[in-house]
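See below for the structure under consideration.
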Amino acid sequence: MTVKQPDLDVLIVGAGFSGLYLIHKLRQIGLSCLALEAGEGIGGTWYWNRYPGARCDVPSFQYSFSFDKDLEQEWEWSERYAPQPEILDYAEHVAERFDLKRSIKLSTKVVSATFEEQNNTWSTTTESGDQYASRFVVFATGCLSVPFAPTINGLENFSGPVYHTGKWPHEQVSFEGLKVGFVGTGSSGIQSLPIVAKEAAEVTVFQRTANYSVPAHNSKANPEVSKQTKANYPELRELAKTTLSGVLTYPNTQSALEVPEEERTTVYEERWADGGLPFLGAYSDIMTDLQANETASEFFKNKIRGIVKDPATAELLCPKFPLGGKRMCVDTDFYQTFNRNNVTLISLKEEPIECLSSNAVHTTNRAIECDALVLATGFDAMTGALNAIEIKGKDGQTLKDQWASGPQTYLGLMVNGFPNLFTVTGPGSPSVFTNMLMAIEQHVDWITDCLEQMKTKGQTLIEAKQATQDEWGQEVQRAGNQFLRSETDSWYNGANIEGKAQVFMPYMAGLPAYRAICDEVASENYRGFSIT
Ligand code: NA7
């Protein structure tokens, strides 16, 4: 076993948007770095999730880096909500433009990382047995990067192809003339079903939980809007930083319960017509008060009943949990797809899948012939990628063991017992609740500022203190408890994976509050961390 690049300052795991920006920033502060990336290409989430219809739910001009003014000006987005191939092109453009690829090793999967206490060095090992020694290690492994596929009896007997949305093949997939079994109605399923249904001969959708989806009303980018945006980018970015989610929307400060029903319906109609996630900001208490939430939820159900012609199918599609409990989805023709005569909806609550045979899905009631299966069944979110790597800290303890009853971090940035290990958008930070690009920039800026300061002061070791980490864990739960989302089963609290500890993972107090805490911690000589 050979140790590669023994003088490395920072080893980065992952070359998605976090890894890319990290390389750029680390070079600026004069630290050597290398990113190891499992994929054959860069882009992370946007490299793997190439299923039909994959696109971002945050408007394109906001889902982009703000750190370089020329980059902002030169890139042209073609649609209001960018499709996956264009976001991947953008990642490639960023990598080329800042000459990042010479610091990335592709097709290199990290399997373990061990903190060597005798020389305060991280030793990181890849699948092929190569070892890298570095002072620091940063996990830029993403929040939704380990696809989850349920165990289905007899899956091995199924003779057709099985596609997971989160690990879609690179080659063209055709469903023409095929009978497709489609499992999962989260964001990925809701985006891809309408496209699969247009191509396939028949689609049977197996739905476990009906979800809420608002129309995207996606469109080609308006050149005038693009011009205005570019002219005002600095102001717009600053304004976005003041919002809870880091996305420029138009939140209403009124309570849903303080306005008459007629007015409320008009507001909901306007937001529905505008489309996208700003629907959740129609009133200030939709996400926090059950009664307020019910007004919006009822509006949604009536929309579904209005769109879907078969009343029984419409009822099956009406969600039974609060709006925004799970992540609200954004679609193009999702509900309309159930009016096609080649699409059938089956509720797994009424008739669960018993097994698969070579050419059929067998529910408790019937056998449904299928030539291909699509699993849009989500991810082992937020902790999956970290727990998949054997990460050993001080005294040989593993991160997986330490997190057995749920992740514990300080600010979602570091973990007690694991010195010099940082996570970008880790559990306990706002991450998935916000505009990921803005969350990534904030984390990378914080980490690299910290490393620069340590370098200047000749410090070599940083670790989160146990007591501050415990306090932060309580703060994350306190902030989450204000939201109906913390009470609903979802990937936010680990409920989508059987046996996973159920702890609400993102920090929900909003990006401005979180940013202020991080800045304050840094300004108070990295309060809560021990630095030597
Ligand atoms: P999600 O949102 O976790 O959705 C997964 C879907 O798959 C959801 O409808 C699940 O039902 C369903 N599922 C999961 N396991 C099973 C089993 N065993 N049987 C049947 N159905 C199952 O993942 P996505 O990829 O759609 O989206 C993830 C995020 O990416 C999204 O929120 C955006 O932020 C982008 P359930 O609701 O668990 O009953």
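The values are calculated or read from the model by the stated rules, or taken from the named source; none is laboratory data. Quantities reported herein were computed from a predicted structural model and do not represent experimental measurements. When we count neighbours, we look across all protein chains shown, and the Cβ atoms used for this are built from the backbone with ideal geometry, even at glycine.
Taking the options Ser188, Ser213, Ser134, name whichever one is more than 21 Å from Asn49 (Cα to Cα), crowded, with 23+ Cβ neighbours inside 10 Å and touching a residue at least 12 places away in the same chain (Cβ under 8 Å).
Ser134
Out of region 507-532, which residues are buried (at least 18 other Cβ atoms within 10 Å of the Cβ) and among the aliphatic types (A, V, I, L, M)?
Met508, Ala509, Leu511, Val521
Quick check, is Ala388 within 16 Å of the ligand (Cβ to nearest atom), small (Gly, Ala, Ser) and within 18 Å of the chain's Cα centre (by Cα)?
In short, no.
Give the residue that is surrounded by the most Cβ atoms within 10 Å (Cβ to Cβ), with candidates limited to residues of region 146-181 that are within 16 Å of the ligand (Cβ to nearest atom) and of a type in the set (S, T, N, Q).
Only one residue tops the list, namely Thr165.
Of the residues Leu71, Leu34, Leu26, which is of a type in the set (A, V, I, L, M), away from the ligand (no atom under 16 Å from the Cβ) and either closer than 21 Å to Ala216 by Cβ or free of Cβ contacts under 8 Å to residues at least 60 places away in the same chain (or both)?
Only one candidate qualifies: Leu71.
Determine whether region 128-142 contains at least one residue that is hydroxyl-bearing (Ser, Thr, Tyr), within 14 Å of the ligand (Cβ to nearest atom) and either under 22 Å from Ile190 (Cβ atoms) or in a strand (DSSP E or B) (or both).
no
When you look at Tyr81, is it within 16 Å of the ligand (Cβ to nearest atom) and under 30 Å from Ser134 (Cβ atoms), yes or no?
no
For region 479-509: of the residues being more than 15 Å from the ligand (Cβ to nearest atom) and of a type in the set (Ser, Thr, Tyr), which is nearest to Lys400 (Cα to Cα)?
So, considering only residues that are more than 15 Å from the ligand (Cβ to nearest atom) and of a type in the set (Ser, Thr, Tyr), the one nearest to Lys400 (Cα to Cα) is Tyr507.
Only one of (1) touching a residue at least 40 places away in the same chain (Cβ under 8 Å); (2) assigned to a helix (DSSP H, G or I); (3) crowded, with 18+ Cβ neighbours inside 10 Å is not met by Ile497, so which one is it?
Failed condition: (2).
What single numbered condition from (1) part of a loop (DSSP other than H, G, I, E, B); (2) touching a residue at least 60 places away in the same chain (Cβ under 8 Å) fails to hold for Glu441?
(1)
Have a look at Thr124, Thr108, Thr114 and point out the one that is away from the ligand (no atom under 16 Å from the Cβ), surrounded by 15 or more Cβ atoms within 10 Å (Cβ to Cβ) and either at pLDDT below 95 or in a loop (DSSP other than H, G, I, E, B) (or both).
Answer to the check: Thr108.
Residues of region 45-60 being assigned to a loop (DSSP other than H, G, I, E, B) and either β-branched (Val, Ile, Thr) or near the ligand (Cβ under 10 Å from one of its atoms) (or both), which ones? Break it down into steps so the answer makes sense when it comes.
Let us first name the residues in region 45-60 that are assigned to a loop (DSSP other than H, G, I, E, B), namely 49-54, 56-60.
Asn49, Tyr51, Ala54, Cys56, Asp57, Val58 - these are the residues of region 45-60 that are assigned to a loop (DSSP other than H, G, I, E, B) and either β-branched (Val, Ile, Thr) or near the ligand (Cβ under 10 Å from one of its atoms) (or both).
Only residues that are farther than 15 Å from Asp489 by Cβ and within 13 Å of the ligand (Cβ to nearest atom): list them for region 317-327, please.
Listed by number, the list holds a single entry, Leu317.
With respect to the numbered conditions (1) surrounded by 16 or more Cβ atoms within 10 Å (Cβ to Cβ); (2) within 21 Å of Gly276 (Cα to Cα), which one is the sole condition not fulfilled by Pro85?
If we test Pro85 against (1) surrounded by 16 or more Cβ atoms within 10 Å (Cβ to Cβ); (2) within 21 Å of Gly276 (Cα to Cα), just (1) comes out false.
Can you confirm whether region 81-92 contains a residue that is in a loop (DSSP other than H, G, I, E, B) and either closer than 28 Å to Trp491 by Cβ or of a type in the set (Lys, Arg) (or both)?
There is at least one residue in region 81-92 that is in a loop (DSSP other than H, G, I, E, B) and either closer than 28 Å to Trp491 by Cβ or of a type in the set (Lys, Arg) (or both).
Ala464: under 23 Å from Phe139 (Cβ atoms) and at pLDDT 95 or above, yes or no?
Yes: the conditions hold for Ala464.
In region 241-287, how many residues are free of Cβ contacts under 8 Å to residues at least 60 places away in the same chain and part of a helix (DSSP H, G or I)? Explain how you work it out, then say what you get.
Going residue by residue through region 241-287, those that are free of Cβ contacts under 8 Å to residues at least 60 places away in the same chain are 249-274, 278, 280-286.
Imposing the further condition that a residue be part of a helix (DSSP H, G or I) reduces the set to 256-258, 261-274, 278, 280-281.
Number of matching residues: 20.
Has region 394-406 got at least one residue that is in contact with a strand residue (DSSP E or B) (Cβ under 6 Å, 6 or more places away or on another chain), outside any helix (DSSP H, G or I) and closer than 30 Å to Phe136 by Cα?
yes
When residues of region 182-230 are filtered for being away from the ligand (no atom under 16 Å from the Cβ) and within 22 Å of Pro322 (Cβ to Cβ), how many remain?
1
Ile286 is checked against (1) buried (at least 17 other Cβ atoms within 10 Å of the Cβ); (2) more than 25 Å from Trp491 (Cα to Cα); (3) touching a helix residue (DSSP H, G or I) at 6+ places or on another chain (Cβ under 6 Å) and fails just one. What number does that condition carry?
(2)
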